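Take a look at the structure set out below.
The values are calculated or read from the model by the stated rules, or taken from the named source; none is laboratory data. Every value quoted in this text rests on a predicted model; they were computed, and no experiment measured them. In this analysis, Cβ positions are derived from the backbone assuming ideal geometry, glycine residues included, and neighbour counts consider all displayed protein chains. The protein model used for the area step is the full one, side chains on, heavy atoms only, and it has no ligands, DNA or RNA in it. Shrake-Rupley method; radii C 1.70, N 1.55, O 1.52, S 1.80 Å.
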Amino acid sequence: MSTPVNKNTKENEIFDFTLRPKAWQDYIGQEKIKKNIQIIIEAAKKRQDSYFEHLLFYGGPGLGKTTLAYLIAEKMGTNIRTVSSPTIEKAGDLAAILTNLSDGDILFLDECHRLNSVCEEYLYSAMEEFKLNLILGKGPMARTMELDIPRFTLIGATTRLAMLSSPLRSRFGAIFQLGFYENEEIEKIIQRSSKILKIQIEPEAIKIIAKRSRFTPRIANRLLKRVRDFAQVEEKGFITSQIAQKALNFLEIDEVGIDANDRKILETIIKKFNGGPVGLQALAAASSEEENTILDIYEPYLMQLGFIKRTPRGRIAGELAYKHLKIKYKNQNTLI
Ligand code: ADE
(Lines give C-alpha, C1' and ligand atoms only; values in the text may rest on other atoms or scores of the structure.)
Protein backbone atom coordinates (compact mmCIF):
# COMPACT_ATOMS: atom_id res chain seq x y z
CA MET A 1 0.00 0.00 0.00
CA SER A 2 1.55 3.37 -0.96
CA THR A 3 1.72 6.23 1.55
CA PRO A 4 -0.78 9.05 0.88
CA VAL A 5 1.13 12.17 -0.18
CA ASN A 6 -0.75 14.04 2.55
CA LYS A 7 0.70 12.02 5.49
CA ASN A 8 2.82 13.95 7.99
CA THR A 9 6.35 12.77 8.74
CA LYS A 10 9.31 14.38 10.53
CA GLU A 11 10.99 15.22 7.20
CA ASN A 12 7.81 16.79 5.91
CA GLU A 13 7.44 18.85 9.09
CA ILE A 14 10.89 20.41 8.50
CA PHE A 15 9.91 21.03 4.89
CA ASP A 16 6.64 22.71 5.95
CA PHE A 17 8.57 24.87 8.43
CA THR A 18 10.82 26.23 5.64
CA LEU A 19 7.79 27.20 3.55
CA ARG A 20 5.70 28.62 6.38
CA PRO A 21 4.41 32.13 5.50
CA LYS A 22 5.57 34.88 7.85
CA ALA A 23 3.36 37.64 6.39
CA TRP A 24 -0.33 37.81 5.49
CA GLN A 25 0.39 38.43 1.80
CA ASP A 26 2.33 35.16 1.69
CA TYR A 27 -0.62 33.18 3.03
CA ILE A 28 -2.49 32.57 -0.20
CA GLY A 29 -6.26 32.02 -0.37
CA GLN A 30 -8.86 31.62 2.45
CA GLU A 31 -9.40 35.36 2.06
CA LYS A 32 -12.47 35.67 4.27
CA ILE A 33 -10.81 33.84 7.15
CA LYS A 34 -7.67 35.96 6.80
CA LYS A 35 -9.72 39.16 6.93
CA ASN A 36 -11.62 37.97 10.03
CA ILE A 37 -8.43 37.01 11.85
CA GLN A 38 -6.68 40.24 10.92
CA ILE A 39 -9.56 42.13 12.57
CA ILE A 40 -9.37 39.94 15.70
CA ILE A 41 -5.61 40.56 15.98
CA GLU A 42 -5.86 44.29 15.30
CA ALA A 43 -8.61 44.67 17.90
CA ALA A 44 -6.54 42.79 20.49
CA LYS A 45 -3.55 45.00 19.75
CA LYS A 46 -5.70 48.15 20.06
CA ARG A 47 -6.90 46.94 23.46
CA GLN A 48 -3.23 46.31 24.24
CA ASP A 49 -4.12 42.72 25.03
CA SER A 50 -1.52 40.07 24.32
CA TYR A 51 -4.24 37.43 24.17
CA PHE A 52 -7.49 37.13 22.24
CA GLU A 53 -10.48 34.81 22.03
CA HIS A 54 -9.97 31.09 21.50
CA LEU A 55 -10.20 30.04 17.85
CA LEU A 56 -11.18 26.78 16.20
CA PHE A 57 -10.09 25.80 12.70
CA TYR A 58 -11.67 22.87 10.96
CA GLY A 59 -11.15 21.36 7.55
CA GLY A 60 -9.31 18.57 5.77
CA PRO A 61 -5.64 17.76 6.33
CA GLY A 62 -3.12 20.00 4.57
CA LEU A 63 -5.43 22.96 4.05
CA GLY A 64 -3.33 25.31 6.20
CA LYS A 65 -4.71 25.12 9.78
CA THR A 66 -1.28 24.81 11.40
CA THR A 67 0.22 27.35 8.98
CA LEU A 68 -2.47 29.84 9.94
CA ALA A 69 -1.91 29.31 13.67
CA TYR A 70 1.84 29.94 13.28
CA LEU A 71 1.18 33.05 11.21
CA ILE A 72 -1.12 34.37 13.96
CA ALA A 73 1.61 33.78 16.56
CA GLU A 74 4.08 35.60 14.30
CA LYS A 75 1.74 38.57 13.92
CA MET A 76 0.89 38.69 17.64
CA GLY A 77 4.58 38.35 18.51
CA THR A 78 3.80 35.49 20.89
CA ASN A 79 5.08 31.99 21.50
CA ILE A 80 3.14 29.06 20.15
CA ARG A 81 3.20 25.56 21.61
CA THR A 82 1.81 22.72 19.51
CA VAL A 83 0.32 19.65 21.14
CA SER A 84 -1.38 16.71 19.47
CA SER A 85 -4.49 15.95 21.54
CA PRO A 86 -4.08 12.15 21.79
CA THR A 87 -0.73 12.68 23.59
CA ILE A 88 -2.60 14.28 26.52
CA GLU A 89 -3.57 11.17 28.43
CA LYS A 90 -4.19 12.43 31.99
CA ALA A 91 -5.25 15.64 33.73
CA GLY A 92 -1.65 15.92 34.94
CA ASP A 93 -0.39 16.05 31.33
CA LEU A 94 -2.75 18.92 30.60
CA ALA A 95 -1.79 20.71 33.84
CA ALA A 96 1.91 20.42 32.90
CA ILE A 97 1.30 21.90 29.45
CA LEU A 98 -0.88 24.76 30.70
CA THR A 99 1.28 25.76 33.66
CA ASN A 100 4.35 25.90 31.41
CA LEU A 101 2.77 28.54 29.17
CA SER A 102 3.29 32.28 29.68
CA ASP A 103 0.68 35.02 29.53
CA GLY A 104 -0.32 35.63 25.90
CA ASP A 105 1.07 32.34 24.58
CA ILE A 106 -0.86 30.36 22.01
CA LEU A 107 -1.59 26.70 22.64
CA PHE A 108 -2.23 24.97 19.32
CA LEU A 109 -4.23 21.85 20.07
CA ASP A 110 -4.17 19.66 17.00
CA GLU A 111 -6.75 16.93 16.35
CA CYS A 112 -8.80 18.33 19.21
CA HIS A 113 -11.67 15.92 18.48
CA ARG A 114 -9.34 13.23 19.87
CA LEU A 115 -8.91 14.83 23.31
CA ASN A 116 -10.15 12.39 25.95
CA SER A 117 -13.31 13.39 27.78
CA VAL A 118 -11.69 13.77 31.24
CA CYS A 119 -9.05 16.19 29.94
CA GLU A 120 -11.68 17.97 27.88
CA GLU A 121 -13.66 18.75 31.05
CA TYR A 122 -10.56 20.19 32.73
CA LEU A 123 -9.98 22.33 29.68
CA TYR A 124 -13.36 24.10 30.06
CA SER A 125 -12.40 26.11 33.15
CA ALA A 126 -8.92 26.69 31.74
CA MET A 127 -10.45 28.27 28.64
CA GLU A 128 -13.08 30.27 30.51
CA GLU A 129 -11.44 31.37 33.74
CA PHE A 130 -7.77 30.44 33.30
CA LYS A 131 -8.09 28.07 36.22
CA LEU A 132 -7.63 24.33 36.59
CA ASN A 133 -9.74 22.60 39.23
CA LEU A 134 -7.75 19.46 39.88
CA ILE A 135 -8.98 16.54 41.97
CA LEU A 136 -6.20 14.99 44.04
CA GLY A 137 -6.58 11.48 45.43
CA LYS A 138 -9.58 9.18 45.36
CA GLY A 139 -12.67 8.41 47.43
CA PRO A 140 -13.32 10.13 50.81
CA MET A 141 -9.73 11.39 50.91
CA ALA A 142 -10.08 13.22 47.58
CA ARG A 143 -9.28 16.94 47.67
CA THR A 144 -9.73 19.64 45.05
CA MET A 145 -7.06 22.12 44.18
CA GLU A 146 -7.54 25.29 42.19
CA LEU A 147 -4.58 26.22 40.06
CA ASP A 148 -4.19 29.57 38.30
CA ILE A 149 -2.80 29.26 34.81
CA PRO A 150 -1.45 31.92 32.42
CA ARG A 151 -3.90 33.78 30.19
CA PHE A 152 -3.34 31.81 27.03
CA THR A 153 -5.16 31.62 23.71
CA LEU A 154 -6.26 28.21 22.54
CA ILE A 155 -6.26 27.50 18.82
CA GLY A 156 -7.95 24.18 18.22
CA ALA A 157 -7.70 22.31 14.94
CA THR A 158 -9.81 19.42 13.79
CA THR A 159 -10.72 17.58 10.62
CA ARG A 160 -14.08 16.57 12.18
CA LEU A 161 -16.17 19.36 13.63
CA ALA A 162 -19.07 16.96 14.23
CA MET A 163 -16.94 14.89 16.61
CA LEU A 164 -16.35 17.85 18.91
CA SER A 165 -18.66 17.98 21.92
CA SER A 166 -20.92 21.02 21.99
CA PRO A 167 -19.59 22.30 25.40
CA LEU A 168 -16.08 22.43 23.90
CA ARG A 169 -17.27 23.94 20.62
CA SER A 170 -19.20 26.66 22.44
CA ARG A 171 -16.08 27.80 24.31
CA PHE A 172 -14.37 28.98 21.12
CA GLY A 173 -14.96 32.66 20.30
CA ALA A 174 -14.79 32.05 16.56
CA ILE A 175 -14.91 28.95 14.37
CA PHE A 176 -13.49 28.92 10.85
CA GLN A 177 -13.81 26.31 8.14
CA LEU A 178 -10.87 25.96 5.77
CA GLY A 179 -12.05 24.69 2.40
CA PHE A 180 -10.33 23.53 -0.77
CA TYR A 181 -8.26 26.14 -2.64
CA GLU A 182 -8.83 27.49 -6.16
CA ASN A 183 -6.52 26.13 -8.84
CA GLU A 184 -4.92 29.59 -9.35
CA GLU A 185 -4.17 29.82 -5.62
CA ILE A 186 -2.41 26.45 -5.72
CA GLU A 187 -0.35 27.67 -8.68
CA LYS A 188 0.68 30.74 -6.67
CA ILE A 189 1.66 28.54 -3.71
CA ILE A 190 3.83 26.34 -5.97
CA GLN A 191 5.43 29.43 -7.47
CA ARG A 192 6.22 30.83 -4.02
CA SER A 193 7.61 27.51 -2.76
CA SER A 194 9.81 27.11 -5.87
CA LYS A 195 11.28 30.55 -5.22
CA ILE A 196 12.01 29.80 -1.56
CA LEU A 197 13.53 26.40 -2.35
CA LYS A 198 15.43 27.87 -5.35
CA ILE A 199 13.82 25.42 -7.75
CA GLN A 200 13.85 26.34 -11.44
CA ILE A 201 10.48 25.49 -12.90
CA GLU A 202 8.65 26.21 -16.16
CA PRO A 203 5.25 28.00 -15.83
CA GLU A 204 3.62 25.10 -17.66
CA ALA A 205 5.10 22.64 -15.13
CA ILE A 206 3.55 24.69 -12.30
CA LYS A 207 0.16 24.25 -13.97
CA ILE A 208 0.68 20.49 -14.34
CA ILE A 209 1.60 20.05 -10.66
CA ALA A 210 -1.23 22.34 -9.48
CA LYS A 211 -3.88 20.39 -11.36
CA ARG A 212 -2.82 17.21 -9.57
CA SER A 213 -2.59 18.74 -6.09
CA ARG A 214 -6.18 18.07 -4.97
CA PHE A 215 -6.72 21.80 -4.29
CA THR A 216 -4.53 21.32 -1.20
CA PRO A 217 -1.35 23.37 -0.41
CA ARG A 218 0.41 20.58 1.48
CA ILE A 219 -0.03 18.19 -1.44
CA ALA A 220 1.14 20.86 -3.90
CA ASN A 221 4.33 21.35 -1.89
CA ARG A 222 4.93 17.60 -1.52
CA LEU A 223 4.46 17.00 -5.24
CA LEU A 224 6.79 19.89 -6.03
CA LYS A 225 9.42 18.28 -3.82
CA ARG A 226 9.01 14.86 -5.43
CA VAL A 227 9.15 16.30 -8.96
CA ARG A 228 12.24 18.33 -7.96
CA ASP A 229 13.97 15.11 -6.84
CA PHE A 230 13.06 13.51 -10.14
CA ALA A 231 14.37 16.53 -12.07
CA GLN A 232 17.62 16.48 -10.12
CA VAL A 233 18.28 12.93 -11.23
CA GLU A 234 17.11 13.38 -14.82
CA GLU A 235 17.51 17.05 -15.77
CA LYS A 236 20.06 18.78 -13.51
CA GLY A 237 17.20 20.06 -11.36
CA PHE A 238 15.28 22.13 -13.91
CA ILE A 239 11.58 21.21 -13.89
CA THR A 240 10.27 21.25 -17.42
CA SER A 241 6.68 20.34 -18.24
CA GLN A 242 7.90 17.01 -19.68
CA ILE A 243 9.76 16.17 -16.48
CA ALA A 244 6.75 17.14 -14.34
CA GLN A 245 4.48 14.97 -16.44
CA LYS A 246 6.92 12.05 -16.39
CA ALA A 247 7.51 12.27 -12.61
CA LEU A 248 3.80 12.44 -11.78
CA ASN A 249 3.00 9.56 -14.12
CA PHE A 250 5.78 7.60 -12.43
CA LEU A 251 4.14 8.38 -9.06
CA GLU A 252 0.85 7.09 -10.53
CA ILE A 253 -0.90 10.41 -9.96
CA ASP A 254 -3.17 11.10 -12.90
CA GLU A 255 -4.13 14.40 -14.51
CA VAL A 256 -6.80 15.21 -11.90
CA GLY A 257 -4.75 14.13 -8.87
CA ILE A 258 -6.24 10.67 -8.47
CA ASP A 259 -3.68 8.15 -7.19
CA ALA A 260 -3.58 4.37 -6.82
CA ASN A 261 -5.38 4.51 -3.44
CA ASP A 262 -8.25 6.63 -4.80
CA ARG A 263 -8.59 4.29 -7.75
CA LYS A 264 -8.78 1.33 -5.38
CA ILE A 265 -11.62 2.97 -3.43
CA LEU A 266 -13.54 3.83 -6.60
CA GLU A 267 -13.02 0.38 -8.12
CA THR A 268 -14.12 -1.25 -4.87
CA ILE A 269 -17.44 0.64 -4.94
CA ILE A 270 -17.96 -0.02 -8.64
CA LYS A 271 -16.79 -3.60 -8.96
CA LYS A 272 -17.42 -5.15 -5.54
CA PHE A 273 -20.57 -3.22 -4.64
CA ASN A 274 -22.03 -2.70 -8.07
CA GLY A 275 -21.57 1.09 -7.79
CA GLY A 276 -23.06 1.29 -4.27
CA PRO A 277 -24.65 2.29 -2.00
CA VAL A 278 -22.05 0.90 0.38
CA GLY A 279 -21.50 1.77 4.06
CA LEU A 280 -18.18 3.17 5.27
CA GLN A 281 -17.33 0.06 7.31
CA ALA A 282 -17.90 -2.32 4.40
CA LEU A 283 -15.97 -0.06 2.04
CA ALA A 284 -13.04 0.13 4.45
CA ALA A 285 -12.95 -3.64 4.91
CA ALA A 286 -13.25 -4.41 1.19
CA SER A 287 -10.56 -1.89 0.18
CA SER A 288 -8.19 -2.63 3.14
CA GLU A 289 -8.17 1.04 4.13
CA GLU A 290 -8.85 2.60 7.53
CA GLU A 291 -12.24 4.26 7.91
CA ASN A 292 -10.59 7.48 9.14
CA THR A 293 -8.25 7.62 6.15
CA ILE A 294 -11.20 7.24 3.80
CA LEU A 295 -13.13 9.95 5.68
CA ASP A 296 -10.27 12.47 5.96
CA ILE A 297 -8.11 11.94 2.91
CA TYR A 298 -9.84 10.14 0.04
CA GLU A 299 -13.54 10.87 0.28
CA PRO A 300 -13.55 14.71 0.48
CA TYR A 301 -11.62 15.07 -2.77
CA LEU A 302 -13.54 12.30 -4.54
CA MET A 303 -16.76 14.05 -3.52
CA GLN A 304 -15.38 17.42 -4.68
CA LEU A 305 -14.78 15.87 -8.12
CA GLY A 306 -18.28 14.36 -8.11
CA PHE A 307 -16.81 10.84 -8.26
CA ILE A 308 -18.51 9.77 -5.01
CA LYS A 309 -21.85 10.81 -3.58
CA ARG A 310 -23.09 10.26 -0.05
CA THR A 311 -26.65 9.01 0.35
CA PRO A 312 -28.54 7.96 3.50
CA ARG A 313 -27.82 4.33 2.51
CA GLY A 314 -24.10 4.80 1.91
CA ARG A 315 -21.61 5.92 -0.73
CA ILE A 316 -22.33 5.58 -4.43
CA ALA A 317 -19.98 6.07 -7.38
CA GLY A 318 -21.12 8.90 -9.67
CA GLU A 319 -21.23 8.75 -13.45
CA LEU A 320 -18.05 10.88 -13.62
CA ALA A 321 -16.13 8.18 -11.73
CA TYR A 322 -17.12 5.55 -14.31
CA LYS A 323 -16.11 7.91 -17.11
CA HIS A 324 -12.76 8.63 -15.46
CA LEU A 325 -11.99 4.94 -14.97
CA LYS A 326 -13.34 4.12 -18.44
CA ILE A 327 -15.94 1.72 -17.05
CA LYS A 328 -19.40 1.50 -18.63
CA TYR A 329 -21.91 3.39 -16.46
CA LYS A 330 -25.00 1.67 -15.11
CA ASN A 331 -27.69 4.04 -13.90
CA GLN A 332 -28.26 3.28 -10.22
CA ASN A 333 -31.11 5.72 -9.62
CA THR A 334 -33.58 2.87 -9.34
CA LEU A 335 -31.57 1.45 -6.40
CA ILE A 336 -31.67 4.54 -4.19
N1 ADE B 1 1.09 26.53 3.08
C2 ADE B 1 -0.03 25.99 3.58
N3 ADE B 1 -1.06 26.79 3.35
C4 ADE B 1 -0.60 27.85 2.66
C5 ADE B 1 -1.21 29.00 2.12
N6 ADE B 1 -2.50 29.21 2.24
N7 ADE B 1 -0.42 29.88 1.50
C8 ADE B 1 0.89 29.65 1.37
N9 ADE B 1 1.52 28.59 1.86
C10 ADE B 1 0.77 27.69 2.49
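Calculate how steeply helix 31-46 sits against the longest principal axis of the alpha-carbon atoms of the chain, using the helix alpha-carbon long axis, and give the answer as 0 to 90 degrees to the nearest 10. It is inclined by approximately 20 degrees. Among D296, D148, the sequence by solvent-accessible area, most first, with a 1.4 Å probe is D148, D296. What is the helix-to-structure angle for 217-234, meaning the angle in degrees between its Cα long axis and the longest Cα principal axis of the chain, kept from 0 to 90 and rounded to the nearest 10? So the helix axis and the longest Cα principal axis differ by about 50 degrees.
Projecting the Cα positions of L302, I316, A220 onto the charge dipole of the chain (unit charges on Cβ atoms of Lys, Arg, Asp and Glu, taken about the Cα centre) puts I316 furthest along the positive direction. Note on the chain: with charges restricted to the Cβ of Lys and Arg (+1) and Asp and Glu (-1), its dipole about the Cα centre is near 740 debye. Straightening the chain between R310 and E235 buys 22.6 nm, computed as 0.36 nm per residue apart minus the Cα-Cα spacing. For S102, the solvent-accessible surface with a 1.4 Å probe is about 60 Å², rounded to the nearest 10. Is the shape of region 258-311 best called rounded, prolate or oblate, per the rule: a/c under 1.5 gives rounded, else a/b larger than b/c gives prolate, else oblate, with a ≥ b ≥ c the square roots of the Cα gyration tensor eigenvalues? Taking the square roots of the gyration eigenvalues as a ≥ b ≥ c, region 258-311 is rounded.
Look at the alpha carbon pairs under 8 Å that are at least 6 residues apart: their mean separation over the length of region 183-250 gives a relative contact order of 36 percent. The overall shape of region 1-119, judged from the alpha-carbon gyration tensor, is oblate: a/c is not under 1.5, and a/b is no greater than b/c. Computed from point charges on the beta carbon alone (+1 for Lys and Arg, -1 for Asp and Glu), the dipole magnitude for region 260-325 about its Cα centre is near 320 Debye. The gain in end-to-end length when the R151 to E11 segment is fully stretched comes to 47.1 nm, 0.36 nm per residue minus the alpha carbon separation. A Förster distance of 30 Å, applied to the separation of the beta-carbon atoms of K271 and R192, puts the FRET efficiency at 0.15. Label the chain by shape, choosing from rounded, prolate and oblate, from the square roots a ≥ b ≥ c of the eigenvalues of the Cα gyration tensor; if a/c is under 1.5 it is rounded, and otherwise prolate applies when a/b is larger than b/c, oblate when it is not. Here the chain falls in the oblate category. If the chain linking L161 and E291 were pulled fully straight, counting 0.36 nm for each residue of separation and taking away their Cα-Cα distance, it would gain 45.1 nm. The C-alpha atoms of the chain define a longest principal axis, and helix 65-76 lies at about 50 degrees to it.
Every helix of 4 or more DSSP H residues in the chain counts as -39500 (n - 2.57), and over all residues that averages to -12500 deg cm²/dmol at 222 nm. In this calculation the C-beta distance from V118 to E202 is compared with R0 = 41 Å, giving a FRET efficiency of 0.15. For region 30-177, the antiparallel share of DSSP beta bridges with both residues in that region comes to about 25%.
Annotation for region 88-119 versus region 164-215: alpha-carbon center distance of 28 Å. Ordering F108, G173, L94 by the projection of their Cα atoms onto the charge dipole of region 30-177, which places +1 on the Cβ of Lys and Arg and -1 on the Cβ of Asp and Glu, puts G173 at the extreme positive end.
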